[in-house]
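Comments concern the structure below.
The numbers here are math on the coordinates, done by the rules we state, and not lab data. Model, not experiment: these values are computed from the prediction. In this analysis, Cβ positions are derived from the backbone assuming ideal geometry, glycine residues included, and neighbour counts consider all displayed protein chains.
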Amino acid sequence: MTKQNDLLSLSQEALDILVDPVCVLDAECNFVLFNKSYSTFFKELYDYFPVIGSKRLTDTDTLFSSVAPNNIRRGLSGERFKTTHEAKGKFYEFYINPVFNTEQKVTHLIIYSRDVTEKKQLIRKVSEQEEQYKHVVESVHEVLFQTDNVGNWTFLNKAWSDILGYSIEESIGKPFYTFLHPDDIKKNELLFEPLINQQKTSCRHIIRYLNKAGNTIWIKVFAALLTNEKKEVLGVTGTLRDITNEKANSHFSELLSSNVRDLICIYTLQGDYLYVSPSSKDVLGYEPEELIGKNVYDYFYPEDIEGAQRKHELLLLEDKTESSIEYRFLKKNGEFIWMQTSYKMFFDEYDIEDRIISSSREITLKKRAEESMMKALQKEKELNQLKTRFVAMTAHEFKTPLSTISSSAEIIEMFLEQLKDGIIREKVNKQLSNIHTEIARITNLMDETLFLGKIEDENTDVKKVEVDLVAIVNYVMERQNRHQKDGRKLVVEQIGEARKALADPQHLEHIIDNLVSNAFKYSPKRDSPKLTLYFNENDYVIEVKDFGIGIPRNQHKKVYSSFFRGENVGGIKGTGLGLLIVHNLVKMNGGNITFESEENVGTTFKLTFSYS
């Protein structure tokens, strides 16, 4: 409490010595005294200097007009207090000190001011940093903890609730070991003992906790001692990380590695082993540790290394996701076995490196089976070649007597012209006609057999030249029309603008001729067959359609077999080789052949070729 006599003893010189702004008001709020600092302070706020005897502190229109009267009333009522206000971007503290007379009435107010802007900014900055720190702590996915010297939780962040389901409020103050899995409490004591005894300053271990629902949570613990200057233990601080999923994944990986027969390996990009699954013992005879650090190519059969390295380089250069290879690998017992390996490159986030992972299995038995099969195929090929040569030789041998028979028949025809008996001549001519027909049929069979033999022996070359498709179709049409004794004519239709194409003209003519011949042959007394030539943008299509007896559905798969003839052909003659030859010629010329057929409705063959 400031006395009036003390106030009156103050001089202007004494006030001016003070650095901070100070003013004295009387009971009517008139300025009585103020120092130079206050005069400057007042000018900054109100843009004019204070005047002794004025009341401008309370009737000004500045920010203080709303707060000064109330503060002055509080001071005049005898209250001594401190208040803080902001003005023009700065913060000021005001200390209000009432002055009493002998009757204990307030006669004056001494107002002491201080610029606390830097202090306020510092407080605000510290507050913001605290908020940021709190945000970081609460955003961390690991539990940040602290305990006292008897193991009670004193601090836990939000991750504790996220991982274990307990609220922080119901956990703080409780012993941490009450949250452990009962079977791990003793283990935890043993793990923490060196830390508590200060034999080491920190420890790491894995322990089981139970969450609020009673489920097991695997936790990786890092703990460090908290001590004072006297090295007395104050508690423990550290982190708890949930590794339940990692533990499960590790468990399943171990199960797979231990029980899968295939060999799983991880390598550097140079081919050095980084990981080898336990199955290496069963497959190769090596323990995984015997291969780690070694290069995979050290175990390859010498002749297989170059091909394997070439594929390895392609994997790295072309950034291919996956590749596979077959090679021979040296077992621990010195035996080479055949292996089939699928491998790909991946990025290892743990080591921040590109790696190669592979899955391998032994295929020795498969390779042996393939070798046996290849030998069998070679023998079959040799047998087919022998058969083809035999058929060709036989066909050539048949041609000589057939030619003799044909010549003899012609001679008999010459003698018949001199025979007077017309009845006998007619009968003999009929038999001679049968002889010529059968000779032609046998000759056609031998020609097709020889041609098929050449195709199967790959002795037939495809000689593509630019051809006029329309001209070839017209040529076949005219020839086939001449041979039809029932007067039917092939119906030809063209769709699209005609274009030249690269093709083997003899093969193309043979294909079309055979299909058109069949179309007439297997549609007796039906509508005339139809050939449609489509000129598309990227390819051309030849479609031959008849309205004949069709092919039974259960025999569609046999259409391109040797000597196949439908069960419904009856007495219609044929060799059963025509469609097989057509199929082979189409494939040799890079085309595609399909058909649709329904018994007693008809058959449509569709051939598709490119222009080049």
Legend entry - Amide H partners (placed H, <5 Å) of residue 336, local residues excluded: 331
Legend entry - Per-residue ³J(HN,Hα) for region 269-277, Karplus 6.51 cos²θ - 1.76 cosθ + 1.60, θ = phi - 60°, Hz, x for Gly and Pro: 5, 8, x, 7, 5, 10, 8, 9, 6
Legend entry - Cβ-based net charge around residue 304, under 10 Å, with every Lys or Arg adding one and every Asp or Glu removing one: -2
Inset, instruction - Could you check the simple spin-label distance between residue 181 and residue 500, using points 7 Å along Cα→Cβ, in nm with one decimal? - result: 8.3
Inset, instruction - Set the Förster distance to 30 Å, then compute FRET efficiency between residue 467 and residue 568 from the Cβ-Cβ distance, nearest 0.05. - result: 0.25
Legend entry - Difference of contour (0.36 nm per residue) and Cα-Cα distance, residue 81 to residue 348: 89.4 nm
Legend entry - Förster radius 56 Å - calculated FRET efficiency between residue 336 and residue 478, Cβ distance, rounded to 0.05: 0.25
Legend entry - In order through region 366-378: 3J(HN,Hα) via Karplus (6.51 cos²θ - 1.76 cosθ + 1.60), integer Hz, x for Gly, Pro: 4, 5, 5, 5, 5, 5, 5, 5, 5, 5, 5, 5, 5
Inset, instruction - Arrange the peptides 488-499, 596-607 so that the one whose residues have, on average, the most other Cβ atoms within 10 Å appears first. - result: 596-607, 488-499
Legend entry - In order through region 499-516: 3J(HN,Hα) via Karplus (6.51 cos²θ - 1.76 cosθ + 1.60), integer Hz, x for Gly, Pro: 9, 6, 9, 8, 7, 7, x, 5, 5, 4, 5, 4, 4, 5, 4, 5, 5, 5
Inset, instruction - When a/c is below 1.5 the answer is rounded, else prolate if a/b is larger than b/c, else oblate, so apply that to region 146-257 with a ≥ b ≥ c taken from the square roots of the Cα gyration tensor eigenvalues. - result: oblate
